[in-house]
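Here's a structure for you.
The values are calculated or read from the model by the stated rules, or taken from the named source; none is laboratory data. Because the structure is predicted, anything quoted here is derived from the model rather than measured. Neighbour counts run over all protein chains shown; Cβ positions are idealised from the backbone, glycine included.
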Amino acid sequence: MDTNELISHSRARFDHHQARIVLKEKYQAKMTFAYGGGMWRAGPDLINLLTTSLEHGQQGLVLLDLYDTPVMVDYKELLKLAQQRWQEQMNAWLVEYEELNRNR
């Protein structure tokens, strides 16, 4: 490999890495949603916490939102919204990620 090929290869790998970082940030932002006067981020942590509460049969639940504000939530409704947002965004992220890898 000559110098130009090495530079081109390095640039392509760097560009691909940067594109993956941008893609992650884009979909992390799309995981955020408002509910019950608080801001929430759909993800495994929130979904697991709400699922555990569901198993214990608690009536209402006070959680800290993204801004550390205590909010009384209907955990069943919040769980439904979080799972729905998570799955929609992860599916879209996967489609874009696979496209990015195909173009690599």
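Restrict the check to the range 16-35 and report whether at least one residue is of a type in the set (Val, Ile, Thr), modelled with pLDDT of 95 or more, assigned to a helix (DSSP H, G or I) and surrounded by 11 or more Cβ atoms within 10 Å (Cβ to Cβ).
Within the range 16-35, not a single residue is of a type in the set (Val, Ile, Thr), modelled with pLDDT of 95 or more, assigned to a helix (DSSP H, G or I) and surrounded by 11 or more Cβ atoms within 10 Å (Cβ to Cβ).
Also, quick follow-up: So, in the range 45-84, of the ones that are among the β-branched types (Val, Ile, Thr) and under 24 Å from Gln28 (Cβ atoms), which residue ends up surrounded by the most Cβ atoms within 10 Å (Cβ to Cβ)?
Val73
Need pairs with beta-carbon distance below 9 Å; first residue free of Cβ contacts under 8 Å to residues at least 40 places away in the same chain and within the range 30-47, second in a helix (DSSP H, G or I) and among the hydroxyl-bearing types (Ser, Thr, Tyr); sequence gap 6+ or separate chains.
none
Quick check on the range 60-85: of everything there that is assigned to a helix (DSSP H, G or I) and in contact with a strand residue (DSSP E or B) (Cβ under 8 Å, 6 or more places away or on another chain), which residue is modelled with the lowest pLDDT?
Tyr75
When you check Thr32 against the structure, is it farther than 30 Å from His16 by Cα and polar (S, T, N, Q), yes or no?
No: the conditions fail for Thr32.
If Gly57 meets every condition in (1) modelled with pLDDT of 95 or more; (2) more than 11 Å from the chain's Cα centre (by Cα); (3) not charged (D, E, K, R) apart from one, which number is that one?
(1)
Could you list, in sequence order, the residues of the range 36-48 that are farther than 12 Å from Gln83 by Cβ and in a loop (DSSP other than H, G, I, E, B)?
Gly36, Gly37
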